[in-house]
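To start, the structure under review is shown below, and the notes come after it.
The numbers here are math on the coordinates, done by the rules we state, and not lab data. Computed from a predicted model, the values in this text were never measured in an experiment. Note that each Cβ is placed from the backbone with ideal geometry, even for glycine, and that neighbours are counted across all protein chains shown.
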Amino acid sequence: MLAETGAQLGSWALPIAGVFGLLIGSFLNVVIARLPVMLERDWEREAHAILETEPAGERERFDLIRPRSRCPQCQRPIRALENVPILSFLFLRGRCPGCGTRISWQYPAVEALTALLFVVTIGYLGLDAAGLLALVFTAVLIAAAGIDARTTLLPDQLTLPLLWLGLLVNIPGTFTDLQSAVIGAAAGYLVLWLIFHGFRLLTGKEGMGFGDFKLLAALGAWLGWQALPVILLLASLVGAVVGIALILLRGRDRNIPIPFGPYLAAAGWLALIWGDELLALYFPQGL
Ligand SMILES: [Zn+2]
C-alpha cells in the first residue's frame, strides 16, 4: 500500500509531513501539560458557584496561550529560539539555561512521535482529504493518550469532539460507511460499559474510567464497528504486556489503576493505518 500511494506523492510530501508533525507535536505538549490544569480550574469555579462560596482571590489567565511557557523551577520565560522542536532540547542538552533543571524527555518524545506518525499516516493514506483528516485523528489521540498517561483523565473536551468529527467525516464514507460509523460509536461505548459493569459485579473493583468508553465510541465512529474487535484485542494485549512489565520491573502495586486510554489510542491509530490487514489476520473469512 505504501509503494502505490507513495509513488504518487511528491518527494517533498513526507519531509513536510514530518516538519508539520514536529510543530503540531510541540503544540500537543502544551495541550498535554495545560488542559488538565484548565479543567481543574473549571471544576473549582463550578464548585464555588454551586456552593456559593468565594474563590480565594483572582487568578491570572491560564489557557493554551497564556501565560507564556516558563521553566517550572526558576520561572525563566522560554524564548522562541529555545522552543524549536527537538533541536532546542538537544542544543540545551535537556537543561533549563537559567537554573540547569532537567527538561522532561517527554517533550522531545511527543514531538518525535507526532512527526513519525504524521509521516506514516501521509505515506499510507496520501496527501488528500482522508490523509489530512487522519492527521487530526492522530493529533487528538496523542493528546488524549498523553493526558491519560499523566493524569488518568481522558477529557470529554477531546473524546467528544473526536466522536462527532468521526461521524461527520464518514457522511461521505471517508473511512467507513455512515451506518458502520454510527453503529461503531454506539457499540464502542456499550461494549466497554458492559465490561466495566461486569468486572465490577465480579470483583467489586472499577477497572477503567468512563473516558475509555467515550474514546472507544470515537474510534468506532471513525473506523466503523468492524474495527472494534481488533482495537480491543490489540489494546488489551499491549496493555497486559506493559502492565505486567511495570509490575515486574518497578514492583508497581497491581491495584493502582493503569490507564487504558493510551492503549486504546495506539490500537485505534494502528487500526486506521493497517485496519484491513489486521482484520484479515483475525478473520480470514471476512466479516
Ligand atoms: Zn529554570
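Details
- Dipole in debye (nearest 20) - the stretch 72-143, about Cα centre, beta carbon charges: Lys, Arg +1; Asp, Glu -1: 440 debye
- Take every Cα pair under 8 Å whose residues are at least 6 apart in sequence, average their separation, divide by the length of the stretch 48-178, and the relative contact order is 11 percent.
- log₁₀ of I(q)/I(0) at q = 0.11, 0.15, 0.16, 0.23 Å⁻¹ - the stretch 33-153, Debye sum with one point per alpha carbon: -0.55, -0.91, -0.99, -1.31
- When both the stretch 87-144 and the stretch 188-232 are represented by their alpha-carbon centers, they are found 28 Å apart.
- Note on Glu206 and Ser104: their simple-model spin labels are 2.4 nm apart, each label 7 Å out from Cα toward Cβ.
- Cα gyration tensor shape for the chain, rounded if a/c is under 1.5, else prolate or oblate: oblate
- Residues Lys214, Lys205, sorted so that the one with the fewest Cβ neighbours within 10 Å comes first: Lys205, Lys214
- Listed residues Gln157, Gln106, Gln73, most fluctuating in the chain (Gaussian network, C-alpha, under 10 Å): Gln73
- Phi-derived couplings, Karplus 6.51 cos²θ - 1.76 cosθ + 1.60 at θ = phi - 60°, listed residue by residue for the stretch 136-153: 4, 3, 4, 5, 5, 5, 5, 4, 5, 5, x, 5, 5, 4, 7, 10, 6, 10 Hz, with x used for Gly and Pro.
- Residues Cys99, Cys71, sorted so that the one with the fewest Cβ neighbours within 10 Å comes first: Cys99, Cys71
- In the elastic network of the chain, a GNM with C-alpha springs shorter than 10 Å, the most mobile of Gly220, Gly268, Gly243 is Gly243.
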